[in-house]
Amino acid sequence: MSANVADVVIVGGGFMGAATAFFLRRRGVSVILLERGLVGQQASGTNFGNVRRQGRFLEQLPLANRSREIWGKLKELIGEDIEFIPSGHLRAGYRQQHVERLEKYEEDSRPYGLGLQILSGRLLRERFPFLGPEVIVGSYAPYDGHANPRLAAPAFARAAVRLGAQVVENTEILHVEKEGVDFRAIAADGRVFRAPAVLVTAGA
Ligand SMILES: Cc1cc2nc3c(=O)[nH]c(=O)nc-3n(C[C@H](O)[C@H](O)[C@H](O)COP(=O)(O)OP(=O)(O)OC[C@H]3O[C@@H](n4cnc5c(N)ncnc54)[C@H](O)[C@@H]3O)c2cc1C
């Protein structure tokens, strides 16, 4: 098999592409991950690092729960520490309508096991003494947290490589086109990567 042929070609080495490459390799699917620059340098490496379920649409919560479960065992799964800390996550409210909104979300999301705690008055001040007086309510999610975004996508890409994925950096894809049963992803320098499935995770 040629070096530029796989079951799946992934265009874009952010967190989406790198994690997908890893999980496909775990299922025995051959993968080539193509990245214009270096893995994880764009949005995936430059954000607040929140690992958060609180506040997501209820319809997203089953998926968020699966994801949170993975975060809890990531070190064992990928063999690297990307500094996930379940430090808790606080949503602050400033007006009565925020109180109502946070209380409703707590009630509606209860079946999903987020364990939200609605805090106000003395309890809120004692727990979070750094909050200003304008904050009148807090919704605390004890199991949410944060990770180090600088580490996340590169760690997943390295884990994918250890499982046999090809990660090709400094490779910009200009076109993806169909040829017979395959797709061809054509790089700016003329190299061609082929696969029956192409996943484009090239960012927003
Ligand atoms: C640990 C972590 C915490 C996060 N916390 C927050 C948060 O607190 N708040 C928040 O808003 N978001 C957060 N995010 C989400 C983040 O901001 C991004 O929305 C998300 O990581 C996007 O991932 P992506 O892989 O889709 O895109 P990107 O990271 O943008 O990756 C796309 C990649 O595709 C490459 N690419 C583009 N075009 C081409 C091409 N033609 N050929 C080859 N490659 C190409 C780019 O160079 C880039 O590396 C977090 C993400 C992580 C990993």
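The values are calculated or read from the model by the stated rules, or taken from the named source; none is laboratory data. Because the structure is a prediction, the values reported are computed rather than measured. Positions of Cβ are backbone-derived with ideal geometry, glycine not excepted, and every protein chain shown enters the neighbour counts. For accessibility, only protein heavy atoms count, side chains too; no ligands or nucleic acids. Shrake-Rupley method; radii C 1.70, N 1.55, O 1.52, S 1.80 Å.
Inside the stretch 16-25, residues that are near the ligand (Cβ under 8 Å from one of its atoms) and surrounded by 23 or more Cβ atoms within 10 Å (Cβ to Cβ) make up a count of 2.
Taking the stretch 118-157 as the search range and keeping residues that are aromatic (Phe, Trp, Tyr) and surrounded by 17 or more Cβ atoms within 10 Å (Cβ to Cβ), which one is nearest to the ligand (Cβ to nearest atom)?
Per the stated criteria, the residue is 156.
The set of residues in the stretch 33-64 that are open to solvent by 20 Å² or more (accessible area, probe 1.4 Å), part of a helix (DSSP H, G or I) and closer than 16 Å to residue 150 by Cα comprises 43, 44. Among the residues making up the stretch 158-177, those that are of a type in the set (A, V, I, L, M, F, W, C) and either in contact with a helix residue (DSSP H, G or I) (Cβ under 9 Å, 6 or more places away or on another chain) or open to solvent by 50 Å² or more (accessible area, probe 1.4 Å) (or both) are 159, 160, 161, 163, 165, 167, 174, 176. Among the conditions (1) away from the ligand (no atom under 14 Å from the Cβ); (2) over 17 Å from residue 195 (Cβ atoms); (3) open to solvent by less than 40 Å² (accessible area, probe 1.4 Å); (4) not β-branched (Val, Ile, Thr), the only one that residue 30 does not satisfy is (2).
The criterion of being surrounded by fewer than 12 Cβ atoms within 10 Å (Cβ to Cβ) and more than 16 Å from the ligand (Cβ to nearest atom) does not hold for residue 100.
Is the stretch 5-26 home to any residue that is in contact with a Lys or Arg (Cβ under 6 Å, 6 or more places away or on another chain), β-branched (Val, Ile, Thr) and at pLDDT 95 or above? Yes, the conditions are met somewhere in the stretch 5-26.
May I ask you to list the residues in the stretch 65-82 that are open to solvent by 70 Å² or more (accessible area, probe 1.4 Å) and β-branched (Val, Ile, Thr)?
Within the stretch 65-82, the first condition is being open to solvent by 70 Å² or more (accessible area, probe 1.4 Å), and the residues that meet it are 66, 69, 73, 75-76, 81.
Listed by number, the list is empty, since nothing qualifies.
Against the numbered list (1) assigned to a helix (DSSP H, G or I); (2) within 14 Å of the ligand (Cβ to nearest atom), residue 10 comes up short only at (1). Taking the numbered list (1) under 18 Å from residue 15 (Cβ atoms); (2) β-branched (Val, Ile, Thr); (3) in the same structural domain as residue 134 (by TED's automatic domain parsing) in turn, residue 78 passes all entries but (3).
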